[in-house]
Amino acid sequence: MERLHLSWEDLLRLVRRLAEALSGEPFDLVLGVARGGLIPTALLAQALGARNILTAAVMFYEGEEEALPEPVFLQFPPDVLLFGKRVLVVDDVWDSGRTAFAVKARVRRAGGVPVVATLHFKPGRNRVPDRPDFYAEETAAWVVYPWALEAWPEG
């Protein structure tokens, strides 16, 4: 699979693009999906002036092609924090869509209204009847974000 290596400058460009698209959208809180979504969440929250930030730890992949049959929610905010709230769910990439789809469903069950924003959307790999509400860029490549271990300099 083709690999797309991003620099920190590339990342900031994508976050700015998302922030511009989201600038008129009202949100009560931001929910970052760990691990890949945490850095984009922090940057996007900063750009949007959002201070109410929660995290969800969801495991669906154990490698590039090793998807688990169901998501494992390792951590998720209590329903009371989501009930009646418009929740901006942020992740790095919408690949198969299964992670974001599961998070959206969990937010809805808690009584919240989820809106998903991702840096990348892979329409050719999408396996759910949904897509991100907002995304910065489409790609078919395996994206190597600057925080990925393989992007770290040696030494």
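The values are calculated or read from the model by the stated rules, or taken from the named source; none is laboratory data. Everything quoted here is computed from the prediction, not taken from an experiment. So basically every Cβ, Gly included, is an ideal-geometry build from the backbone, and we count neighbours across all protein chains shown. In case anyone asks, the SASA skips ligands and DNA or RNA and just uses the protein heavy atoms, side chains included. Shrake-Rupley method; radii C 1.70, N 1.55, O 1.52, S 1.80 Å.
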> Between residues in the stretch 126-148 that are under 15 Å from residue 103 (Cβ atoms) and assigned to a loop (DSSP other than H, G, I, E, B) and residues that are at pLDDT 95 or above and not hydrophobic (A, V, I, L, M, F, W, C), which pairs lie under 7 Å by C-beta distance while being six or more apart or on different chains?
Replying inline: 132/118
>> For the stretch 105-135, give me each residue that is surrounded by fewer than 23 Cβ atoms within 10 Å (Cβ to Cβ), over 20 Å from residue 1 (Cβ atoms) and touching an Asp or Glu at 6+ places or on another chain (Cβ under 7 Å).
In response: 110, 111, 115
> Looking at the stretch 133-152, is at least one residue over 15 Å from residue 33 (Cα atoms), of a type in the set (D, E, K, R) and at pLDDT below 95?
Replying inline: yes
>> Take the residues in the stretch 1-11 that are surrounded by fewer than 14 Cβ atoms within 10 Å (Cβ to Cβ) and assigned to a helix (DSSP H, G or I); name whichever of them is nearest to the chain's Cα centre (by Cα).
In response: 8
>> Checking residue 46 against (1) over 15 Å from the mean Cα position of the chain (by Cα); (2) polar (S, T, N, Q); (3) assigned to a strand (DSSP E or B): exactly one of these is not met. Which one?
In response: (3)
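When you check residue 17 against the structure, is it modelled with pLDDT of 95 or more and charged (D, E, K, R), yes or no? Before the answer, list the steps.
Values: modelled with pLDDT of 95 or more: yes; charged (D, E, K, R): yes.
Here the answer is yes, as residue 17 does meet what is asked.
Given the criteria in a strand (DSSP E or B) and open to solvent by less than 80 Å² (accessible area, probe 1.4 Å), does residue 68 qualify?
Details: in a strand (DSSP E or B): yes; open to solvent by less than 80 Å² (accessible area, probe 1.4 Å): yes.
Yes; evaluated as a whole, the condition is true for this residue.
Residues to consider are 58, 89; find the one that is in contact with a Ser or Thr (Cβ under 8 Å, 6 or more places away or on another chain), in contact (Cβ under 8 Å) with a residue 24 or more places away in the chain and under 22 Å from residue 143 (Cα atoms).
Values: 89 fails: in contact with a Ser or Thr (Cβ under 8 Å, 6 or more places away or on another chain).
Checking each option against the conditions leaves just 58.
Against the condition farther than 24 Å from residue 27 by Cα, open to solvent by 70 Å² or more (accessible area, probe 1.4 Å) and touching a strand residue (DSSP E or B) at 6+ places or on another chain (Cβ under 8 Å), how does residue 154 come out, does it pass? So that I can check it myself, show each step before the final result.
On the way: farther than 24 Å from residue 27 by Cα: yes; open to solvent by 70 Å² or more (accessible area, probe 1.4 Å): yes; touching a strand residue (DSSP E or B) at 6+ places or on another chain (Cβ under 8 Å): no.
Against the criterion (farther than 24 Å from residue 27 by Cα, open to solvent by 70 Å² or more (accessible area, probe 1.4 Å) and touching a strand residue (DSSP E or B) at 6+ places or on another chain (Cβ under 8 Å)), residue 154 does not qualify.
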>> What are the pairs with Cβ atoms under 7 angstrom where one residue, in the stretch 24-35, is assigned to a loop (DSSP other than H, G, I, E, B) and the other, located anywhere, is surrounded by fewer than 19 Cβ atoms within 10 Å (Cβ to Cβ)? Sequence gap at least six, or different chains.
In response: 26/86; 27/50; 27/86; 28/52; 28/86
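Just for the stretch 47-56: of the residues that are open to solvent by 20 Å² or more (accessible area, probe 1.4 Å) and of a type in the set (A, V, I, L, M, F, W, C), which one is farthest from residue 85 (Cα to Cα)?
Top of the filtered list is 47.
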>> Every residue in the stretch 12-46 that is open to solvent by 10 Å² or more (accessible area, probe 1.4 Å), over 16 Å from residue 143 (Cβ atoms) and touching a strand residue (DSSP E or B) at 6+ places or on another chain (Cβ under 8 Å), please.
In response: 21, 25, 26, 27, 28, 34, 42
